[in-house]
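**Student:** Handing you a structure now.
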Amino acid sequence: MWSQHKLHCPSRSSIIVLIIIIPLLLLISVIVLSLINPQNYSFTWTHGDQDSAAHFHHDSSYKKLEEDRLKKAEAVLAKARFSIRDVAQNKLINSTSDQENDDDDDYIPQGPIYRNPTAFLRSYQEMERVFKIYVYEEGERPIFHHGPCRSIYSTEGNFIYELERGSFYRTNDPREAHVFFLPFSVVGLVQYLYEAGSRDRKAIAGVVADYVHTISFRHPFWNSSLGADHFMLSCHDWGPYSTKSVPKLFSNSIRVLCNANTSEGFNPLKDVSLPEINLNTGDMNGLLGGSPPSQRPILAFFAGRLHGRIRRILLKQWKGKDHDVQVYDELPGNISYESMLRNSKFCLCPSGYEVASPRVVEAIYAECVPVLISKGYVPPLSDVLEWEEFSVAVAEEDIPNVKKILMGIPKEKYLRMHERLREVQRHFVMNGPPKRFDLFHMIVHSIWLRRLNVRILRN
């Protein structure tokens, strides 16, 4: 359905050469309502914050500049809030206004896959028009300014790469910024600092804490908002842990995480759920599409290792026991994983050790209706998408009833879900370079919504 491109994220070999030469929410309907009265953060300096940036704050002229910057940023955001609120209430929008000239210029969000398509479109247009992101320059590759692009963590690497390239949203002038990106890679921290089998992750937490201390000492922006207009991004399971070493990063900042588990502190009010995508080759070619509904003989399919309690329950209940619900811990050599996805009506997506799974996006790519089996997981882009329209949620205790639940879905409803899955697919595709409404832009839009939901005041 969508044109597919090889992503431009640099290869591992190019990074090795560089190392040698030089020793990285709320649902939109609720968010729109909250924009009427966004959270007010009226920050004052604490003694510790003054010490960490004392060389800035003795200068009264500097303080005035920072106050002016915040006032300007908040004025821009206030206008955007008013515009979004207006169309959300009146459900009227000039669908062609403010759109850029590119391949997807004529795309208009509409239909039941969106919670509020008019509000989403206006919000997206406002983001394109005004949103600015500043990337801190401190730190060296491969731990900073770089991430993996050909692995299960590919969304992390590709997002960092595209943002660093500066084609979209990035500003080199921090006075123009609405949010600030902390460009460390948790995957890089684990790869280069963690000793396998040691169970000691203190070095990872220590580097994150040192980095925040460094940028808060060199720049005024962290202290001005206590981190509320800063964000980090990680697809590693230890992403949430890496932020706990800095309480304000954990509690105030926007955390973009694949491991979007509410039981581990993920807060949809301010945090963003990042989809986990496994790109072994860094190439999207051949990943999209599948058999039409009439040519999908398998009711439900899953293949995966025994990672976590939910998978153990699923495999114990269904492995090798039913022709309609085909569950494997390891596929036979003569069966293709991709062909099973493309020939199944429903794809089971149980949590592993952590709540996120690449099977969710694999199912979307293969046009196989995802069946989410998890606890505490916030699906990606749920601030704008109605997941109930193109997926099925099954509670852990209902695993024995999976077949009954899926067989109970009327054919007409399944066909609608399949068609809506094809419609939503564009929002999960990674393009190189990014295209409007694709995954890169949608993740930025989720960050934009969280920033809109906070008003930062200086006293």
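The values are calculated or read from the model by the stated rules, or taken from the named source; none is laboratory data. Every value quoted in this text rests on a predicted model; they were computed, and no experiment measured them. We place every Cβ from the backbone using ideal geometry, glycine too, and count neighbours over all the protein chains shown. Side chains included, ligands, DNA and RNA excluded: accessible areas come from the protein's heavy atoms. Shrake-Rupley method; radii C 1.70, N 1.55, O 1.52, S 1.80 Å.
**Student:** Being surrounded by 19 or more Cβ atoms within 10 Å (Cβ to Cβ) and either more than 26 Å from Ser154 (Cα to Cα) or among the polar types (S, T, N, Q) (or both) narrows it down to one residue among Asn252, Asn285, Asn267, Asn278; which is it?
**Tutor:** Selected residue: Asn252, the only one of Asn252, Asn285, Asn267, Asn278 that is surrounded by 19 or more Cβ atoms within 10 Å (Cβ to Cβ) and either more than 26 Å from Ser154 (Cα to Cα) or among the polar types (S, T, N, Q) (or both).
**Student:** Given (1) in a helix (DSSP H, G or I); (2) crowded, with 23+ Cβ neighbours inside 10 Å, where does Leu233 come up short, assuming only one miss?
**Tutor:** The failed condition is (1).
**Student:** Oh, and also: For region 324-338, what are the residues that are part of a loop (DSSP other than H, G, I, E, B) and among the acidic types (Asp, Glu)?
**Tutor:** Asp324, Asp329, Glu330
**Student:** Applying the selection to region 237-255, what residues are touching a Pro at 6+ places or on another chain (Cβ under 9 Å) and not charged (D, E, K, R)?
**Tutor:** Phe250
**Student:** Any residue at all in region 339-351 that's in a loop (DSSP other than H, G, I, E, B) and either among the aromatic types (Phe, Trp, Tyr) or surrounded by 21 or more Cβ atoms within 10 Å (Cβ to Cβ) (or both)?
**Tutor:** For region 339-351, residues in a loop (DSSP other than H, G, I, E, B) and either among the aromatic types (Phe, Trp, Tyr) or surrounded by 21 or more Cβ atoms within 10 Å (Cβ to Cβ) (or both): present.
**Student:** Take Asp383 and tell me if it is within 27 Å of Tyr124 (Cβ to Cβ) and of a type in the set (D, E, K, R).
**Tutor:** Criteria met by Asp383.
**Student:** When region 291-323 is examined, which residues are found to be part of a loop (DSSP other than H, G, I, E, B), within 20 Å of Glu362 (Cα to Cα) and in contact with a Lys or Arg (Cβ under 9 Å, 6 or more places away or on another chain)?
**Tutor:** Once the filter is applied, which keeps residues that are part of a loop (DSSP other than H, G, I, E, B), within 20 Å of Glu362 (Cα to Cα) and in contact with a Lys or Arg (Cβ under 9 Å, 6 or more places away or on another chain), region 291-323 yields Ser291, Arg296, Pro297, Gly304, Arg305, Leu306.
**Student:** I'm told Asn261 meets every condition in (1) open to solvent by less than 20 Å² (accessible area, probe 1.4 Å); (2) modelled with pLDDT under 95 except one. Can you identify the failing condition by its number?
**Tutor:** For Asn261, the failing item is (2).
**Student:** Here is a follow-up. Would a scan of region 442-451 turn up a residue that is in a loop (DSSP other than H, G, I, E, B) and either surrounded by fewer than 19 Cβ atoms within 10 Å (Cβ to Cβ) or among the charged types (D, E, K, R) (or both)?
**Tutor:** no
**Student:** Looking at region 379-388, is at least one residue hydrophobic (A, V, I, L, M, F, W, C) and part of a helix (DSSP H, G or I)?
**Tutor:** Among the residues of region 379-388, at least one is hydrophobic (A, V, I, L, M, F, W, C) and part of a helix (DSSP H, G or I), which makes the answer yes.
**Student:** May I pose another question? If Ile399 passes every condition in (1) open to solvent by less than 30 Å² (accessible area, probe 1.4 Å); (2) within 30 Å of Arg150 (Cα to Cα) but one, which one does it miss?
**Tutor:** Exception for Ile399: condition (2).
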